[in-house]
Amino acid sequence: MSFLAPAALWALALALPVAALYLLRERVRRLPVSNIVLWSGPSRRVRESRGWKRLRHPVSLALQLLLLTLLVLALARPRIGAAGGPLVLVLDRSASMGATDAGGSRLEAAARALAALLHSGSPPHTLITTGSPPEMLVPRSTDAVGTRRLLLAQKPAEAPHNPAPALAMARALAAARGGRVVFATDGVGSACTENEAFSGVETILVGSPHPANAGLAAFAASRAAADPAGVTVLAGYATSTRGPGNSTLRILADGKPIEVREMEGSGPWFQQWTLRAPGGLSLEARLEPPDVLAADNHASLKLPPAHKLRVVVVSPPSRALERVFEAMPGIEAARVWPPESLVYGDPGAVYVFHGALPPADFQAAGMLLIEPAVGGFFGRRTGGPLPMAPDFADPSSPAARHLRVERLEPLPAAEFDPAPTARTDLASAGRPLIFSHWSGKPRWTVLAFDPSKPAFSESPAYPVLMANLVEGLAGAPQEALHAPGLELSLTRLERKKVEAGAGGGDGVRPGAPSPPDPVRWLLLLALVWAVGEAWTYHRRITV
Amino acid sequence: MPAERRGALRGGGIEFSEYRAFVTGDDSRRIDWHAYARWRRLVVRLFVAEQDLHLHFLLDCSDSMGAGSPPKFDHARRVLGGLAYIALGNMDRVGFTPLGGGADAALTPARGRHRFASLVSKLESARARAGRTRLAAEVSRWLAARPRRGMVVLVSDGFGVGLDDAAEALDRIRHAGHDAAMVQVLSPDELEPPPPGEYEMEDVEGGPPVAVIVDAAARREFRERAGQFLAGLESKTAAAGIPFLRTFTSEPPGSALSRALTWA
């Protein structure tokens with residue numbers, strides 16, 4: 001057992017004056033009487049109980065000292081359990097902590113629970129909040145008052161947080177300092193499935209285990225590169241309630257409703273709308289009425305005005321290439337030849353190199369290399385051209401979007417050994433026909449064949465492929481998202497794993513941060529004793 | 001000059017008392033011939049002999065008389081002095097004896113108002129420090145000196161050796177042929193138990209201290225015993241026809257004297 005206020009134990013020194021007063025105080029008064037015979041009865045009773053008379057005063061003194069000890073222990077605030085080492089406190093600040101199903105918000109309940117662990121005289125503590133990256137608000141301090149104030153001033157973030165990085169940081173600190181980690185959370189989020197994250201962590205759960213929440217799971221708008229005036233709006237809805245929801249979803253564009261729908265069922269539900277808005281656009285999604293978590297009941301975004309994508313074709317005159325770009329209203333195409341006249345690259349433009357290679361360290365949003373004659377940063381040319389029939393298209397590849405492989409005729413293509421970082425979008429018998437690297441800047445795609453040749457340019461796939469490539473190489477579609485990962489449904493599917501995975505300390509405690517407070521028991525004992533002592537005091541003068 | 005007090009003796013006074021048959025040796029001049037004419041019997045007239053009243057005041061000088069605030073002894077002396085003054089004014093012979101005091105502290109019975117000064121002097125010099133006094137024994141010691149028969153007024157608080165000591169002393173006075181009376185002097189404090197607590201009670205007349213725990217039961221018991229003691233003394237004196245006056249130190253002496261005059 002340890003004490004949260006050990007300085008109070010000095011009050012035990014009061015036992016000395018209590019004992020001194022008790023022993024030195026003249027208990028028996030001398031009284032002269034006219035005739036002692038009138039007191040013969042009571043004096044006989046005293047003689048007959050001489051043994052108890054001797055014990056009565058020491059027993060009374062012992063009871064007085066016991067009362068003093070109980071009160072001092074209560075003031076010292078004893079704590080049962082592991083409380084000796086430093087504390088590493090982790091506060092979950094994810095958006096779901098804004099739910100108001102914990103007598104105030106969940107974040108407030110969690111902050112209060114952690115603040116209750118801090119007292120004057122408590123060991124040094126550290127405070128970390130979840131986030132990307134996690135934030136260490138208090139590196140190491142003994143200022144309980146200041147840290148409590150900081151805790152209670154925290155607000156929930158606007159997005160979900162993965163607590164694993166914060167917990168890993170906390171565990172490392174606790175291991176280095178010999179302390180323990182206490183994590184206050186509502187247990188919501190995919191990270192709660194990771195038992196390893198919670199190993200050795202004492203978890204305090206806040207919030208209702210069965211919340212009812214409906215929220216916007218997604219809200220985004222984007223313009224197609226081929227037709228920037230067209231806007232696609234996506235909205236998603238999810239709920240944790242099992243029964244039918246009772247929310248109304250409103251989608252507004254520039255303040256005018258484009259959709260009002262009564263949401264029924266438990267979700268999830270997603271829908272897209274298409275509008276024409278060449279200018280800037282304000283979009284808003286609202287779920288009414290608001291519920292326990294207001295953060296996911298409203299979303300808004302602004303889409304900037306449409307602008308044309310610049311495409312620079314570094315190629316000798318090619319009618320097929322010019323024709324396909326002219327057919328894209330969202331494209332502003334230009335041709336440059338010879339390649340030496342290309343002085344510098346436009347980081348916002350897509351460059352099509354046909355019969356040329358880009359200079360070293362070329363700046364562009366994306367590059368499309370059409371059947372390069374030699375290898376380069378993209379890989380080695382190993383042979384060809386050979387007739388190749390496409391037999392594989394990666395369905396997740398944007399370059400292969402809408403391509404129907406079975407409709408593609410065999411076409412002459414060179415053989416390439418792509419760079420290790422490239423991915424194959426289209427292949428023929430394992431030989432890449434289209435391969436790309438879009439995870440870095442600038443993005444690049446290599447076509448092992450010349451799409452401008454009639455063998456391909458006459459096919460209906462030609463404009464689709466070119467539009468896909470241009471759009472994908474641009475890399476930054478004109479879009480707006482409300483917030484990454486809006487899904488804030490409060491389902492606690494993984495709560496059991498949180499409860500099972502916590503280890504060390506006192507385990508998971510819903511709500512209250514500390515074990516049953518022995519202070520209350522001590523005060524209760526002292527109160528019962530004091531009442532009993534007062535009640536029997538007048539009897540202690542009798543035998 | 002004889003005191004104006006009827007005596008118990010029959011003698012040659014002028015007040016007719018009764019007739020008696022003539023016997024050989026009676027003075028023939030005392031034969032009532034009118035009565036002979038009526039009854040044809042020889043009878044003699046007897047007359048009441050007027051004599052002096054000897055009033056003996058016995059003052060209890062035990063230590064218990066010094067208790068109280070104001071002390072009972074002072075109140076007792078005042079009441080005694082007042083009674084003595086009245087008696088001297090009636091030409092009675094008044095004597096004073098402090099029980100437990102020496103012979104030189106006593107005053108032999110004598111009449112006359114001039115005796116009052118002497119009595120006062122004796123009262124002033126008396127002290128309540130005779131220690132533990134057995135009233136009956138002190139009265140017996142006084143009776144051994146064969147004082148002239150009269151009225152003996154015992155002024156005491158009644159607290160002697162045991163609660164019956166005063167009643168026994170009065171009995172001895174009566175058995176010695178005296179008329180007895182008692183003035184009991186008490187202090188209101190000594191009839192009220194002390195507050196609850198632990199005490200070592202000491203009898204003011206001596207003896208080892210006694211441990212007493214005063215609680216509700218003890219207080220109740222004390223009041224009962226004190227009530228029994230007071231009632232017992234009253235009933236015994238009433239049964240014996242002994243005039244009894246109880247006075248408290250809180251009562252003005254004059255009020256006590258007024259009540260005492262009803263004894264006459």
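Please find, within the range B:153-188, the residue that is nearest to the other protein chains (Cβ to nearest Cβ) out of those that are farther than 21 Å from B:P243 by Cβ and at pLDDT 90 or above. Spell out the reasoning first.
As a first pass, look at the range B:153-188 and keep what is farther than 21 Å from B:P243 by Cβ: B:161-162, B:187-188.
Restricting the remaining residues to those that are at pLDDT 90 or above gives B:187-188.
Numbers: B:S187: 8, B:P188: 12 Å.
Here the answer is B:S187.
Quick grid of which residues meet (1) at pLDDT 85 or above; (2) over 45 Å from the mean Cα position of the chain (by Cα); (3) farther than 26 Å from A:P160 by Cβ:
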{"position": "A:W269", "(1), (2), (3)": "no, no, no"}
{"position": "A:S282", "(1), (2), (3)": "yes, no, no"}
{"position": "A:A333", "(1), (2), (3)": "yes, no, yes"}
{"position": "A:P347", "(1), (2), (3)": "no, no, yes"}
{"position": "A:A356", "(1), (2), (3)": "yes, yes, yes"}
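Could you grab me the full set of residues in the range A:385-426 that are in a loop (DSSP other than H, G, I, E, B), touching a strand residue (DSSP E or B) at 6+ places or on another chain (Cβ under 6 Å) and over 22 Å from A:V470 (Cβ atoms)? Those that are in a loop (DSSP other than H, G, I, E, B), touching a strand residue (DSSP E or B) at 6+ places or on another chain (Cβ under 6 Å) and over 22 Å from A:V470 (Cβ atoms): A:A389, A:D391, A:P410.
Within the range B:177-202, track down each residue that is free of Cβ contacts under 8 Å to residues at least 60 places away in the same chain, closer than 13 Å to A:S34 by Cβ and either part of a loop (DSSP other than H, G, I, E, B) or in contact with a helix residue (DSSP H, G or I) (Cβ under 7 Å, 6 or more places away or on another chain) (or both). Passing the criteria: B:L191, B:E192, B:P193, B:P194, B:M201. Consider the range B:208-264 and keep the residues that are of a type in the set (F, W, Y) and assigned to a helix (DSSP H, G or I). The one that is farthest from A:W39 (Cα to Cα) is B:W263. Quick check, is B:P70 in contact with a His (Cβ under 6 Å, 6 or more places away or on another chain) and more than 24 Å from B:A167 (Cα to Cα)? In short, no. Scanning the range A:151-200 for residues that are among the hydroxyl-bearing types (S, T, Y) and either in a helix (DSSP H, G or I) or at pLDDT 90 or above (or both) yields A:S190, A:T193.
Residues that are within 16 Å of A:W444 (Cβ to Cβ) and in contact with a helix residue (DSSP H, G or I) (Cβ under 8 Å, 6 or more places away or on another chain) occur at least once in the range A:341-352.
Listed by first and then second residue, the pairs linking a residue in the range A:320-342 that is acidic (D, E) to a residue that is in a strand (DSSP E or B), with Cβ atoms under 6 Å apart and 6 or more places separating them unless they lie on different chains, are A:E332/A:R310. Would you mind stating whether B:G197 is over 30 Å from B:R148 (Cβ atoms), within 11 Å of chain A (Cβ to nearest Cβ) and surrounded by 14 or more Cβ atoms within 10 Å (Cβ to Cβ)? Yes, satisfied.
Among all residue pairs at least 6 apart or on different chains, which show Cβ distances below 8 Å where the first residue, located in the range B:13-38, is of a type in the set (V, I, T) and the second is at pLDDT 80 or above and not in a loop (DSSP other than H, G, I, E, B)? Short answer, once both residue conditions are applied: B:I31/B:V43; B:I31/B:V44. With respect to A:V343, determine if the residue is of a type in the set (V, I, T) and surrounded by 16 or more Cβ atoms within 10 Å (Cβ to Cβ). Taking the combined requirement at face value, the residue does not satisfy it. Here is the figure for the range B:221-241: residues that are at pLDDT 90 or above, away from chain A (no Cβ under 14 Å) and touching a Leu at 6+ places or on another chain (Cβ under 8 Å) total 2. The residues of the range A:109-143 that are within 15 Å of the chain's Cα centre (by Cα), at negative phi and not in a strand (DSSP E or B), listed by number, are A:A110, A:T130, A:S132, A:P133, A:P134.
For B:D203, state whether it is at pLDDT below 90 and among the acidic types (D, E). Break it down into steps so the answer makes sense when it comes.
Values: at pLDDT below 90: yes; among the acidic types (D, E): yes.
It is true that B:D203 is at pLDDT below 90 and among the acidic types (D, E).
Residues in the range B:206-220 that are at pLDDT below 85 and either within 28 Å of the chain's Cα centre (by Cα) or not aliphatic (A, V, I, L, M) (or both): B:G206, B:G207, B:D215.
The values are calculated or read from the model by the stated rules, or taken from the named source; none is laboratory data. All of these numbers come straight from a predicted model, not from anything done at the bench. Glycine also receives a Cβ, built like all others from the backbone with ideal geometry; neighbour counts cover every protein chain displayed.
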